[in-house]
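Following: one structure in C-alpha cells, then a few remarks.
The values are calculated or read from the model by the stated rules, or taken from the named source; none is laboratory data. Only a predicted model underlies this, so the values are computations on that prediction, with no experimental measurement involved. Glycine also receives a Cβ, built like all others from the backbone with ideal geometry; neighbour counts cover every protein chain displayed.
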Amino acid sequence: MTLIKSISGIRGTIGGKAGQNLTPEDIIKFTAAFGTWIKNTTGNPTIVIGRDARISGEMVNHLVTGTLQSIGIKVIDLGLSTTPTVEIAVPREQAGGGIIITASHNPKNYNALKLLNHLGEFISGADGEAVLAIANSEEIVYSDVDKLGEYQHKFYYIQKHIDKILELPLVNKKAIKERNFKVVIDCVNSTGGISVPELLVALGVTDVVELFTNPNGRFPHNPEPLPEHLGTIAHEVKHQKADVGLVVDPDVDRLAIVCENGDMFGEEYTLVSIADYVLKHTPGNVVSNLSSTQALRDVAVKHKVEHHQSAVGEVHVVSMMKEVNAIIGGEGNGGIILPELHYGRDALVGIALFLSHLATSGKSCSRLRADYPNYFMAKNKIELPEGTDVQYILRKMEEKYKKEKLNKTDGLKIEMGGDWVHLRASNTEPIIRIYSESSTKTTAENINKKIMDDIKNVMK
C-alpha cells in the first residue's frame, strides 16, 4: 500500500519496499525529520514517546529512539502507554514534542507515528508539511558522539493520567462506588488492558470481567470499535448480567459502550451522553465534526448552548474548540475531548465521566440511551485506485446536488431537510468515507447507497 502522510501522522503497513510501506528506512527518515523540526522550531531537544501494544511496536520504538538520540534529542520513553497519556506527559515533562507509536484502530499489520507539538497536541497541517519538507530535503545532520541524546524510562505515566482524571470535579467516584457496577471490558489486547482495569479500580468498581486485556498486540477481532466487531462483549454483558460493557481501541482514544441488554449504546452517542452530563453541571459551547450525529446539536439546544462543527480530525476539532472556547467536544467515533484535562481524545476520561453520568442518573444503561434523540447513521467507504482524483469526484457530486444545502469545509456535506450525507477522503487510508444520517435506519441506508452509486458512476 502507499505510505500515508497526513495530519494524523505517518502511517502504513509493516514490511515491503521503502516509500511504499512503513519500513525501517521510512521510520528513520520521518523520525529524524520530526526531531530536526522540533529542535529548529522550539529549541527544546526533548521528545516524549510511547506506544500501543501492537506486534511491531517494540521494533518501531527501537528505531525511533535510536534515531532521535542520533540527532541529539533527549528521549523520555513511557513504554506501553495510551495516546492521551503521551499527550498529557509532553507538557508535564516540558518537552519540545511527542511521538505516539500507534496505528490507532487500523489492523495489526499497520503502525504509525503520531506527532505532537510542545502542548501535547497533534501538529497542524502546515507543521506537518514543514516536517515532510525536511524529510525530503535529505539534509538531516546527525550528532557526533559527544552530543548524542540521552534516554530515560518513565513507565508510571498511566497512573499519573488516572490521578489527574480522579481530580476532576465532575468525576463522581462516590456515586460510582455506591452503584456497585458490574462492568465488562474489551481492550483488544492492547494498552487498554493496562490502563482501563487500573482506572476502574481507582473509581471504586470492583466487579470487572476482563476480555482481551493481555497487551500482546494480537487483536482478537478487528480493533475498530464498531458494532459489527463487538459480538463477543455484547454476549458477555448479557451472560454476566453486567450493568455495562466498555470497549476501547488499541491506543485508548476511542470509547464504545454496550448496554446491559447487549445492545450497542452507539459510538455516536458516547459524546452525546457525556456532553449532556458535562453541560448539566457546567454549561458552555460544544464542538463535534461534520460527520458526527446531529443528536449533539439537540443536546446543546436543550442546555441552551451553542453547537459548532469542524472538519474531521482531532486537530480540527481542537482548533474549533479553542476558537469558540468549548468546554467539551470530540468526534462521533467515540472520541471525547475535555479541555479541563487536555486537548485530546481520551477514552479513560470518557469512561470516568460516563460512569459518573450513569451512576448519578439512577438509570440502566439502555434507559439512559433512550433519553436521547434517536438518529440512525449509515457508514460506508469506497476504496480508491491509485491516482484517483478525489477533487474531481467531489466536484461532480457538488454539481449533481447543487440544489441542496452544501458545506465544503471538509470534503462535501449535503443537507437534505433533516437528513444529511458527508463524503470525504480519509486521512489514514486510500478511501472515500460516506456517512449519512436520518431519523430512520432505512432512509439513512438508502441515502448512503444512492451516494455510493453516484460516486461509482463518476469513477467509471
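Restricting the stretch 258-283 to residues that are within 13 Å of residue 355 (Cα to Cα) and β-branched (Val, Ile, Thr), the residue that is nearest to the chain's Cα centre (by Cα) is 270. Selection of the stretch 237-247 for residues being buried (at least 20 other Cβ atoms within 10 Å of the Cβ) and under 15 Å from residue 181 (Cβ atoms) yields 237, 242, 243, 244, 245, 246. Of all residue pairs spaced 6 or more apart or on separate chains, those with beta-carbon atoms under 8 Å, a first member in the stretch 32-45 that is buried (at least 23 other Cβ atoms within 10 Å of the Cβ) and a second member that is hydroxyl-bearing (Ser, Thr, Tyr) and part of a helix (DSSP H, G or I) are 35/67. A single member of 347, 359, 326 is over 23 Å from residue 173 (Cβ atoms), in contact with a helix residue (DSSP H, G or I) (Cβ under 8 Å, 6 or more places away or on another chain) and not assigned by TED's automatic domain parsing to the domain that holds residue 82, and it is 326. Would a scan of the stretch 419-431 turn up a residue that is over 24 Å from residue 313 (Cβ atoms) and in a loop (DSSP other than H, G, I, E, B)? Checked the stretch 419-431: no residue is over 24 Å from residue 313 (Cβ atoms) and in a loop (DSSP other than H, G, I, E, B).
Every condition in (1) closer than 20 Å to residue 193 by Cα; (2) part of a loop (DSSP other than H, G, I, E, B) holds for residue 95 except the one numbered (1). Taken together, the criteria place residue 245 among residues that are assigned to a strand (DSSP E or B) and more than 25 Å from residue 169 (Cβ to Cβ).
Of 138, 129, 87, all but one fail to be in contact (Cβ under 8 Å) with a residue 12 or more places away in the chain and among the charged types (D, E, K, R); the exception is 87.
Within the stretch 15-44, being out of contact with any strand residue (DSSP E or B) (no Cβ under 6 Å at 6 or more places or on another chain) and in a strand (DSSP E or B) holds for one residue alone: 18.
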